[in-house]
Amino acid sequence: MSVLRQKRPRLRLDRTAYHELREEVLARDGWRCQFCGSLNGVEVHHLESRSRLGDDAEENLITLCPACHRKVHRNRAVV
Ligand SMILES: [Zn+2]
Ligand SMILES: [Zn+2]
């Protein structure tokens, strides 16, 4: 068997840790969409998508309402 080498190019959190981080981001942003100020069904969006250098870090996350979130993804064409 070959030696298992762990390659970890970026930080990825487990489910529980990510959930906590999400709550922190939502609290930081006051549970408001940072684009339009809506409080409806806010979600957390990765500013730098995970396919690039997007870390699961507070600075990389932003609170958005579903409508603005969709717009961001449509403009970027990357999930
Ligand atoms: Zn919005
Ligand atoms: Zn997103």
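The values are calculated or read from the model by the stated rules, or taken from the named source; none is laboratory data. This one's a predicted model, so the numbers in the text were calculated from it and none came from an experiment. Here the Cβ is made from the backbone with ideal geometry for all residues, glycine too, and neighbour counts use every protein chain on show.
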>> Six or more apart or on different chains, Cβ atoms under 9 Å: show the pairs whose first residue is in segment 15-40 and away from ligand 2 (no atom under 15 Å from the Cβ) and whose second is among the polar types (S, T, N, Q) and assigned to a loop (DSSP other than H, G, I, E, B).
In response: Arg32/Ser38
>> Among (1) modelled with pLDDT of 95 or more; (2) within 16 Å of ligand 1 (Cβ to nearest atom); (3) not hydroxyl-bearing (Ser, Thr, Tyr), there is one condition Arg76 misses while meeting the rest; what is its number?
In response: (1)
>> I need a count of the residues in segment 41-55 that are at pLDDT below 85, within 12 Å of ligand 2 (Cβ to nearest atom) and acidic (Asp, Glu).
In response: 1
> Hey, any hits in segment 19-30 for a residue that's part of a loop (DSSP other than H, G, I, E, B), within 21 Å of Val72 (Cα to Cα) and either at pLDDT below 90 or among the aromatic types (Phe, Trp, Tyr) (or both)?
Replying inline: no
>> Which pairs turn up if I take residues in segment 68-79 that are within 10 Å of ligand 2 (Cβ to nearest atom) and look for partners that are among the charged types (D, E, K, R) and modelled with pLDDT of 70 or more with beta carbon separation below 6 Å, at least 6 apart in sequence or on another chain?
In response: His69/Glu43
